[in-house]
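The values are calculated or read from the model by the stated rules, or taken from the named source; none is laboratory data. As the structure is a prediction and not an experimental result, all values here were calculated from the model. Virtual Cβ from ideal backbone geometry, glycine too; neighbours counted across all protein chains shown.
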Amino acid sequence: MPYSVPPLPYAYEALEPHIDKQTMEIHHDKHHQAYVDKVNAALAGTSLENAAIEGVLKDLNQVPEDKRTAVRNNGGGHYNHSLFWESMAPNAGGTPDGALAQAIDSAFGSFSDFQAKLKETGVNQFGSGWSWLVHDGSGLAIIGTPNQDNPISNGKTPLLGVDVWEHAYYLKYQNRRPEYIGAFFNVIDWNEVERRYQEAIA
Ligand code: MN3
């Protein structure tokens with residue numbers, strides 16, 4: 001089965017005013033669709049055409065060499081955006097609680113230190129990429145990745161990612177990436193991030 005773009009789990013305008021409707025329409029319907037079309041084209045006719053995208057990205061060396069860059073970029077784009085839509089929700093934001101809140105405090109000092117580091121990593125990502133909260137096998141960490149690379153290709157589990165490609169914010173925020181990342185904190189679905197954290201430590 002070729003990959004397909006999952007439906008957005010809320011309305012395009014649901015994240016207003018933090019993320020605007022037009023950005024969501026273009027980002028979900030056009031950008032994500034383009035990644036899906038291109039990874040499907042790259043994997044068509046290979047032994048991986050029915051493989052789950054997560055497994056493909058965990059070991060990119062299994063991808064035929066002449067398809068590997070296309071799969072890394074576009075398969076990564078598909079996987080990253082699928083996570084991204086689910087990491088946001090209307091009437092969300094705030095702070096995590098329970099075990100995840102404790103893990104954040106112990107890894108970063110405090111929730112506001114965590115916020116500052118996720119933001120700084122996104123602001124300092126040169127060009128296009130992502131800033132991630134990951135579980136690296138021993139605990140929580142924040143890392144940046146260029147382009148559509150994903151932490152799973154380096155053995156880490158992504159818990160939360162903020163897309164810092166210009167297409168994620170330019171219509172509303174233009175060059176103000178720090179402001180966009182600040183606004184992103186108002187739409188994080190901490191229940192989903194907590195669910196991923198519990199899965200990572202299970
Ligand atoms: Mn994007």
*Which one of these does VAL187 not meet: (1) out of contact with any His (no Cβ under 7 Å at 6 or more places or on another chain); (2) within 16 Å of the ligand (Cβ to nearest atom)?*
(1)
*asked:* Filter segment 144-184 down to the residues that are away from the ligand (no atom under 16 Å from the Cβ) and on the phi > 0 side of the Ramachandran plot and list them by number.
replied: GLY155, GLN174
*Sort out which residues of segment 161-202 are of a type in the set (Ser, Thr, Tyr) and part of a loop (DSSP other than H, G, I, E, B), and write them in order of number.*
TYR169
*Output the number of residues of segment 117-143 satisfying the condition of being surrounded by fewer than 23 Cβ atoms within 10 Å (Cβ to Cβ) and within 14 Å of the ligand (Cβ to nearest atom).*
4
_Breaking point among (1) more than 22 Å from GLU25 (Cα to Cα); (2) touching a Lys or Arg at 6+ places or on another chain (Cβ under 7 Å); (3) not basic (Lys, Arg), for GLN115_ = (2)
*Look at segment 13-47 and say how many of its residues are touching an Asp or Glu at 6+ places or on another chain (Cβ under 6 Å) and either in the same structural domain as VAL187 (by TED's automatic domain parsing) or closer than 19 Å to GLU179 by Cα (or both).*
1
_Can you find a residue that is hydroxyl-bearing (Ser, Thr, Tyr) and more than 13 Å from the chain's Cα centre (by Cα) anywhere in segment 150-161?_
yes
*asked:* Condition (residue is at pLDDT 95 or above, within 16 Å of the ligand (Cβ to nearest atom) and surrounded by fewer than 20 Cβ atoms within 10 Å (Cβ to Cβ)) applied to segment 91-113: is it met by at least one residue?
replied: no
